[in-house]
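Notes to accompany the following structure.
The values are calculated or read from the model by the stated rules, or taken from the named source; none is laboratory data. Every value quoted in this text rests on a predicted model; they were computed, and no experiment measured them. Because the Cβ atoms are built from the backbone with ideal geometry, glycine has one as well, and the counts that use them run over all protein chains shown. Please note that ligands, DNA and RNA were not included when accessible areas were found on the heavy atoms of the full protein model with its side chains. Shrake-Rupley method; radii C 1.70, N 1.55, O 1.52, S 1.80 Å.
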Amino acid sequence: MSIAIESVTPHTPAARAGIRAGDRLLSINGSVIRDVLDYRFYMIDTRLSVEVLRGEETLRFSIRKPEYDELGLEFEDYLMDRQHCCANKCVFCFVDQLPKGMRETLYFKDDDSRMSFLFGSYVTLTNMTDEDIARIIKMHISPINISVHATDPELRVRMMKNPRSGEVLRYLPQLAAHHIRINAQIVICPGLNDGEQLRRSLWDLGQYAPELQSIALVPVGLTGHREGLYSLRMMIPAEAADCIRIADEFGAEMLRRHGSRIAFCADELYLIAGLPLPDYDYYEDFDQLGNGVGTTALLRQEFAAALAEEDGDAEASRFSLATGEAAAPLLRELLETAREKFPHRRLTVYGIPNRTFGGGVNVTGLVCGRDIIEHLKDQPLDDTLILPEIMLRDEKDRFLDDTTPQEVSAALNVPVAVVGMSGAELLDALLGRF
């Protein structure tokens with residue numbers, strides 16, 4: 001096996017040793033390099049024997065470098081291997097619910113442990129082997145983020161439509177025994193893995209603490225595109241309140257035993273239940289922000305801290321902000337608290353209905369450009385329309401429907417600014433600092 005080297009960064013150890021673009025990487029210190037995890041693990045040493053294939057000739061280079069410094073090799077694909085596709089057919093899979101005409105890459109179902117380590121994505125373990133687990137343990141790849149959903153093996157098979165999904169639960173105690181930290185998530189589907197099944201899942205996972213770092217409880221997300229899919233429904237307030245109660249009971253005992261609640265409910269569960277959200281201190285290290293756990297408390301804390309640093313002014317400005325319907329009330333609430341210091345500053349918040357996805361989708365990160373245009377075409381947008389960067393891909397150039405910020409600007413005849421949405425950045429948006 002060999003991996004093509006696309007380029008060699010100038011003035012790096014690899015360049016000084018004489019490795020060239022077009023060479024094919026075979027091994028480092030005798031270990032075969034299969035992908036990015038092998039490469040990054042074996043390149044950290046100070047003395048390296050790097051074996052490459054140049055044409056038909058095998059060459060070996062002895063390299064010395066500071067520990068952890070980059071070797072300097074670049075590859076066509078970051079993973080240096082094909083991305084691992086999900087082998088499940090989960091009854092709640094969001095990809096299966098996507099409308100047509102979205103960005104092509106959105107239809108790829110990722111389930112790659114390397115992406116979990118490198119970028120924080122979640123894996124189900126079902127396409128992993130004993131060899132994969134051994135490699136994680138050997139390299140101490142930690143933390144690993146795991147979509148658990150249920151610890152009852154039969155229920156997990158029913159929910160994930162993969163006969164291996166119950167069997168691979170045996171990897172959890174192996175990982176914990178070798179001190180691999182675990183962040184887990186449970187997507188709660190009413191009538192399937194809530195109630196007593198949720199209680200069982202929490203307590204089954206709890207035995208792996210303290211290596212079990214956190215569990216996020218997230219209500220199932222349903223779009224308006226579920227034709228032919230498993231019959232699911234949105235959670236009702238009483239069910240959401242029951243999930244919160246189960247999590248709180250478990251969390252209180254974990255706090256007593258381990259000094260951490262471990263289980264945290266997504267903000268959306270509190271909104272569905274009609275219950276007040278916990279304050280900032282409740283969320284400890286905010287390990288599950290990507291699952292919408294504690295985002296409200298963090299934003300409130302950040303905005304209040306940023307506002308306390310400002311002296312206020314009497315200047316006037318007017319801007320508009322597009323956001324998801326779920327976030328709009330909170331943003332308006334926070335901006336109102338700035339009125340005393342900035343009486344003449346206005347940031348009008350528009351909650352954009354998600355017609356593209358439909359169903360119960362109302363989060364900011366899934367708002368599409370075409371929906372912004374449709375909803376705001378007859379609205380007063382003042383001097384600038386502000387768009388949260390979470391609506392766009394990493395390059396900040398396209399929405400999920402491939403619409404660009406420039407197209408939104410042209411359609412609405414207003415300048416557009418793309419900004420972050422931390423508490424400090426929200427205040428900056430109000431004050432025109434973008």
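For the range 1-81, please list each of the strands (runs of 3 or more DSSP E) lying entirely inside it that holds at least 2 residues being under 31 Å from the mean Cα position of the chain (by Cα) and in contact (Cβ under 8 Å) with a residue 12 or more places away in the chain.
Once the strands (runs of 3 or more DSSP E) in the range 1-81 are filtered for at least 2 residues that are under 31 Å from the mean Cα position of the chain (by Cα) and in contact (Cβ under 8 Å) with a residue 12 or more places away in the chain, what remains is 3-8, 73-75.
From the list I246, I236, pick out the single residue that is more than 29 Å from I144 (Cβ to Cβ) and in contact (Cβ under 8 Å) with a residue 40 or more places away in the chain.
Values: I246 fails: more than 29 Å from I144 (Cβ to Cβ).
So the residue among I246, I236 that is more than 29 Å from I144 (Cβ to Cβ) and in contact (Cβ under 8 Å) with a residue 40 or more places away in the chain is I236.
On the given criteria, is A240 at pLDDT 95 or above and assigned to a helix (DSSP H, G or I)?
Yes.
Which is in a loop (DSSP other than H, G, I, E, B) and either touching a Leu at 6+ places or on another chain (Cβ under 6 Å) or touching a residue at least 12 places away in the same chain (Cβ under 8 Å) (or both), of V414, V418, V408? Break it down stepwise before answering.
Values: V418 fails: in a loop (DSSP other than H, G, I, E, B); V408 fails: in a loop (DSSP other than H, G, I, E, B).
Residue meeting the stated conditions: V414.
D267 is checked against (1) open to solvent by less than 60 Å² (accessible area, probe 1.4 Å); (2) out of contact with any strand residue (DSSP E or B) (no Cβ under 6 Å at 6 or more places or on another chain); (3) farther than 23 Å from G120 by Cβ and fails just one. What number does that condition carry?
Here D267 clears every test but (3).
Kindly establish whether S147 is hydroxyl-bearing (S, T, Y), open to solvent by less than 20 Å² (accessible area, probe 1.4 Å) and either at pLDDT 95 or above or closer than 29 Å to E227 by Cβ (or both). Talk me through it step by step, then tell me what you get.
Details: hydroxyl-bearing (S, T, Y): yes; open to solvent by less than 20 Å² (accessible area, probe 1.4 Å): yes; either at pLDDT 95 or above or closer than 29 Å to E227 by Cβ (or both): yes.
Judged against the criteria, S147 is a match.
So which of I262, I272 is at positive phi, surrounded by 18 or more Cβ atoms within 10 Å (Cβ to Cβ) and under 25 Å from the mean Cα position of the chain (by Cα)?
I262
Go through (1) among the polar types (S, T, N, Q); (2) at pLDDT below 95; (3) under 16 Å from I33 (Cα atoms) one by one and return the number of the condition T58 breaks.
Of everything listed in (1) among the polar types (S, T, N, Q); (2) at pLDDT below 95; (3) under 16 Å from I33 (Cα atoms), T58 misses just condition (2).
Out of the range 10-30, which residues are open to solvent by less than 30 Å² (accessible area, probe 1.4 Å) and among the polar types (S, T, N, Q)?
T12, S27
In the range 182-200, what count of residues is obtained for those that are open to solvent by 10 Å² or more (accessible area, probe 1.4 Å) and over 20 Å from the mean Cα position of the chain (by Cα)?
The qualifying residues number 9.
Do you know which residues across the range 266-298 are charged (D, E, K, R) and part of a helix (DSSP H, G or I)?
D267, E268, D281
I need the full set of residues from the range 358-398 which are among the acidic types (D, E), within 19 Å of the chain's Cα centre (by Cα) and outside any loop (DSSP other than H, G, I, E, B), in order please.
Passing the criteria: only E389.
Could you pull out every one of the helices (runs of 4 or more DSSP H) wholly within the range 88-182 that has 3 or more residues that are closer than 25 Å to L198 by Cα?
153-160, 164-167, 171-177
Of all residues in the range 317-353, count the ones that are open to solvent by 80 Å² or more (accessible area, probe 1.4 Å) and either of a type in the set (D, E, K, R) or in contact with a strand residue (DSSP E or B) (Cβ under 7 Å, 6 or more places away or on another chain) (or both).
7
Go through the range 275-316 and give me each residue that's crowded, with 16+ Cβ neighbours inside 10 Å, within 25 Å of the chain's Cα centre (by Cα) and hydrophobic (A, V, I, L, M, F, W, C).
Within the range 275-316, L277, V293, A297, L298, L299, F303 meet the criteria.
Please identify the pairs in which a residue from the range 253-265 that is assigned to a strand (DSSP E or B) has its Cβ atom under 9 Å from the Cβ atom of a residue that is of a type in the set (D, E, K, R) and surrounded by 20 or more Cβ atoms within 10 Å (Cβ to Cβ), counting only partners at least 6 apart or on another chain.
Within 9 Å, the pairs are F264/D287.
Can you tell me how many residues within the range 407-434 are within 26 Å of the chain's Cα centre (by Cα) and open to solvent by 40 Å² or more (accessible area, probe 1.4 Å)?
Here the count works out to 7.
Within the range 158-175, track down each residue that is among the hydrophobic types (A, V, I, L, M, F, W, C) and open to solvent by 10 Å² or more (accessible area, probe 1.4 Å).
Passing the criteria: only L169.
If I ask for residues that are outside any strand (DSSP E or B) and within 30 Å of R370 (Cα to Cα), which ones from the range 307-329 would you list?
E325, A326, A327, A328, P329
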